[in-house]
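The values are calculated or read from the model by the stated rules, or taken from the named source; none is laboratory data. In this text the structure is predicted, and so the values were computed from the model without any measurement. Cβ placement follows ideal geometry from the backbone for every residue including glycine, while neighbour counts extend to all protein chains displayed. Keep in mind that these areas ignore ligands, DNA and RNA; they rest on the heavy atoms of the full protein, side chains included. Shrake-Rupley method; radii C 1.70, N 1.55, O 1.52, S 1.80 Å.
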Amino acid sequence: MGSKKDHMSLDQCLEAIKQKQNAVQNIPFQSNQIGVQQQLDTLYEQSEDIKPLKKKVDDLRRSKKHVKEVPELETEYALLEDQTLQKKRCLESVLYVSEIENLFQNVQTEFEERALYLIERDGVFNSMYRREHMEQSSRMHRECVYTIRKSWNWLNTVSRCTEIHLSNAAEYHQFFHDSQYLYEDMQLYLTWLDSENMRENVETLEPSTMIKHIRDVTNRLLDYQSRVDKLSERSLDVYPIHLRKNIEEYGIKGRALVAYQHQEIQLKDGEECIILNNTDSDNWQIRCEDGREAEVPGIILVIPPPDKKAYNQVQRAKDQLVINWDTTLKRLRRQMTQYLTASAEDTTVKELYSISANQKADLMRLMNEAVQVLQPDPSQDDVDYRELVSQATSFRKILSQVKPSSKDTQNGTTLTWQANAKTLVIYKEFITYGKAYKKNLFDTREKAGVILSENTGHMYSSKAYFQMALPVVDIDIQTKETCVTRVRSELYIHERRPGKPPVPPPRRRMKLKRVASSMAGESSALSSVIKDTQSFVIVGKSDINGVILF
């Protein structure tokens with residue numbers, strides 16, 4: 001054993017580490033650039049103070065005088081390093097956003113410099129000023145002043161477009177940030193389910209402990225479900241800002257935020273168009289509803305929802321939640337089986353001989369229901385369940401020999417099994433919640449309905465091809481289970497540009513190669529397969545996203 005001084009040194013080191021943990025945690029978050037930078041500087045100073053602690057921890061480990069205490073010290077120091085790194089990354093993320101403040105500052109400076117320059121600039125019409133042409137010069141001067149005033153007003157309009165783009169970008173980031181945080185949270189939950197404590201056999205005989213445990217996991221999964229549902233609702237309003245850098249091959253729908261016109265085009269506020277090319281970040285080539293094509297500033301256009309990436313992110317979260325429900329059910333079923341088996345073994349038989357007929361019937365019903373509800377998959381050989389069945393059989397045999405009394409009896413055994421009945425009810429509620437969620441998810445994905453009709457007039461016609469969404473297959477790293485996201489109800493419509501031959505989607509192109517090999521010599525039939533330009537009519541849509549379900 002080390003000296004008292006050595007023990008104090010270790011204790012002081014542990015206390016210093018915990019103080020640094022609190023100091024890192026208490027560094028506040030700021031939203032403006034200067035405030036965030038100041039907090040990063042503070043964190044950097046804290047990081048420098050941590051380095052001597054690392055040396056002290058290493059010295060204590062090498063001294064071999066505190067074999068039992070050093071692991072705790074190392075754990076606390078590792079936690080301190082992890083917290084410092086997480087805080088640094090969080091502050092850097094906030095700084096990355098708040099640095100946009102500089103861009104606005106530069107724009108504001110540019111506004112003022114141009115206004116000052118125009119005031120100090122020589123008169124525009126000095127070289128034209130002639131007494132005999134005063135009227136014409138005066139009219140031109142007035143028109144110039146009015147036009148400059150309109151230009152400043154136009155910049156106000158453009159600034160409102162900037163506010164919209166800022167809001168869309170913020171919502172895009174927050175949506176995917178929240179969805180990733182939710183997904184990681186559900187992954188951590190699975191890790192907890194697979195922990196050593198959760199794998200151990202149930203030793204408690206207290207019904208209240210089991211009730212609290214089942215309610216806790218139920219509430220946690222219901223919280224995940226609520227977050228997934230809210231995320232699903234938000235996904236409908238996420239603007240696909242990633243498409244502003246790379247649009248689809250066949251163009252994509254856009255919408256004007258403001259009225260805009262020049263010599264080649266005239267757009268109304270809210271008018272829809274097709275974005276043909278946005279490789280130039282400043283000016284985009286579009287096609288209006290009347291077929292005219294021209295370039296317009298990209299800032300006045302938005303690509304409206306829905307966003308396919310947001311949709312896939314929600315489906316991923318929903319599928320992960322299904323895995324969480326199923327995995328939790330397996331763990332709870334095992335724990336309930338072990339708990340009821342232990343409770344039956346611990347039952348005082350003598351106290352059963354004084355129960356009433358109603359109590360006897362309730363116990364018989366409870367054991368039968370427990371055996372039925374906790375039954376595993378027939379293909380599984382569950383040792384715990386076989387033990388429960390054995391105990392239930394013995395328990396029912398004892399009950400069958402009981403001659404019931406006329407009055408209900410209240411003793412330790414009857415009170416315990418009344419609580420066990422409540423525990424089983426809460427467990428069944430958990431099963432109901434899980435089944436309801438999976439059924440609702442299945443019904444949502446399996447809905448079908450054709451909404452095309454030839455009797456409704458032409459609302460919009462186009463020559464395009466349809467493409468079914470491919471299913472997403474994920475393998476959970478914890479459970480090693482394969483989960484397939486079925487999206488048979490989703491259909492993508494790809495519009496072709498004028499002047500280009502129709503190109504089938506990848507899956508159809510592979511199919512056409514096989515068709516071509518089997519139709520050698522039948523060029524007319526092959527041509528009709530490859531160049532499918534039959535017009536179709538869209539007369540409605542199934543939801544606000546404009547996705548046709550069939």
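Expected output is a single nm value to one decimal: the length gained when fully extending between residue 308 and residue 48, i.e. 0.36 nm times separation in residues minus the C-alpha distance. What is it?
Numbers: separation 260, 0.36 × 260 = 93.60 nm, distance 4.50 nm.
89.1 nm is the gain from fully extending residue 308 to residue 48.
Please work out the Cα center distance from the range 194-235 to the range 316-394, rounded to the nearest Å.
18 Å
Using a 10 Å cut-off on Cβ atoms, rank the peptides 49-60, 188-199, 275-286 from the highest mean neighbour count down.
Details: 49-60: 14.3, 188-199: 12.5, 275-286: 16.0.
Final packing ranking: 275-286, 49-60, 188-199.
Determine the alpha carbon to alpha carbon distance for each of 18/87; 360/435; 150/268; 330/428; 54/88; 212/438 and list only those over 22 Å.
Numbers: 18/87 16 Å; 360/435 32 Å; 150/268 18 Å; 330/428 13 Å; 54/88 19 Å; 212/438 24 Å.
Exceeds cut-off: 360/435; 212/438.
Quick one: if you take sqrt(5λ) for each eigenvalue of the C-alpha gyration tensor of the range 28-100, what semi-axes come out, biggest first, whole angstrom? All intermediate terms of the calculation are to be shown ahead of the outcome.
On the way: eigenvalues 229, 23, 9 Å².
The equivalent ellipsoid of the range 28-100 has semi-axes of 34, 11, 7 Å.
Which of rounded, prolate or oblate describes the range 244-369 when judged by the alpha-carbon gyration tensor and an a/c cut-off of 1.5? Mind showing how you got there, number by number?
Details: a/c = 7.54, a/b = 4.79, b/c = 1.57.
Because a/c hits 1.5 or more and a/b exceeds b/c, the range 244-369 counts as prolate.
Tell me the label-point distance for the pair residue 289, residue 361, using the 7 Å Cα-to-Cβ offset, in nm and rounded to one decimal.
Computed distance between label sites residue 289 and residue 361 equals 7.2 nm.
Search the structure for amide H atoms under 5 Å from the amide H of residue 283, placed 1.01 Å from N in the peptide plane, and list their residues when 5 or more places away or on another chain.
Residues meeting the criterion, in which the H sits 1.01 Å from N, are 298.
Given H placed 1.01 Å from N in the peptide plane, which residues other than close sequence neighbours of residue 355 have an amide H under 5 Å from its amide H?
405
Stick to Cα atoms and the Kirkwood definition of Rh, then tell me Rg/Rh for the range 365-413. Before the final figure, lay out each step's value.
Working: Rg = 14.0 Å, Rh = 12.7 Å.
Reported Rg/Rh, Kirkwood definition of Rh: 1.10.
Give me the number: length gained by fully extending residue 119 to residue 351, i.e. 0.36 nm times residue separation minus the C-alpha to C-alpha distance, one decimal in nm.
Values: separation 232, 0.36 × 232 = 83.52 nm, distance 10.16 nm.
Net length gain for the segment: 73.4 nm.
Solvent-accessible area per residue for the range 18-123 at a 1.4 Å probe radius, Å²?
Values: 7620 Å² over 106 residues.
Counting only protein heavy atoms, the per-residue value for the range 18-123 is 72 Å².
In whole Å, what are the Cα extents of the range 128-269 along the three principal axes, biggest one first?
109, 35, 22
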